[in-house]
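Novice: Take a look at the following structure, please.
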Amino acid sequence: KSLDEIVWAVKPRNDTLAQLADYAGQFALDYLQMAGIRCRLDFPDALPERELSTDARHNLFLVVKESLNNVVKHAHATEVNLRLSATTDSLQIEIADNGCGLASTSTDAWPDGLKNMRQRMQDIGGEFFVENQNGGGAKVVARFPFPREGKK
């Protein structure tokens, strides 16, 4: 599985929003199924045709992967909703679970994994935040502004 991720990460033909959505969605379904957690994908029927730099695509995927890993290891969740929304200007990825939530959403109290995800998003010009949800669970949000046309 790790070799598959490396191959996917380095192939330039995968540098599109559609490829990221397909790969991240399938990864989430497979990974959460193995953990016995139901996964719901909420992706638009049609995504804007956007290219992503290899670096942006890789970091966005790693944020999804680390978020799902945190759910499996810490949340005691039975369900995860992976939502992807995109406009012509930006991409937003949300990973919400019905688990125990976070003890603190203060960035000063974040463990290393959350800090690393925030840094990954900052490195590609994006934003990252986490919030507890009403009724339980947590939601991770990663926002990525698409570069202006002509720039990757």
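The values are calculated or read from the model by the stated rules, or taken from the named source; none is laboratory data. The model shown is predicted, which means the values in this text are computed figures rather than measured ones. Glycine also receives a Cβ, built like all others from the backbone with ideal geometry; neighbour counts cover every protein chain displayed. To get the accessible areas, we keep the full protein, side chains included, count just its heavy atoms, and leave off ligands, DNA and RNA. Shrake-Rupley method; radii C 1.70, N 1.55, O 1.52, S 1.80 Å.
Novice: Starting from the Cα of K73, draw a straight line to each of the aspartates and glutamates and keep only those under 15 Å, dropping any in the same chain fewer than 8 residues away.
Specialist: Within reach: D97, D112.
Novice: Which percent of the accessible area of the range 47-152 is formed by carbon and sulfur heavy atoms (probe 1.4 angstrom)?
Specialist: Looking at the range 47-152 in its full context, I get 43 percent from C and S.
Novice: Using a 1.4 Å probe and counting only protein heavy atoms, arrange H76, H58 so the residue with the most accessible area comes first.
Specialist: Values: H76 150, H58 65 Å².
Descending order: H76, H58.
Novice: GluC sites (Glu not before Pro) within the range 19-91: which are DSSP loop residues with at most 16 other Cβ atoms inside 10 Å? If you can, show how the numbers build up before the last one.
Specialist: On the way: sites: E49, E51, E66, E79; in loops: E49.
Answer in residue order: E49.
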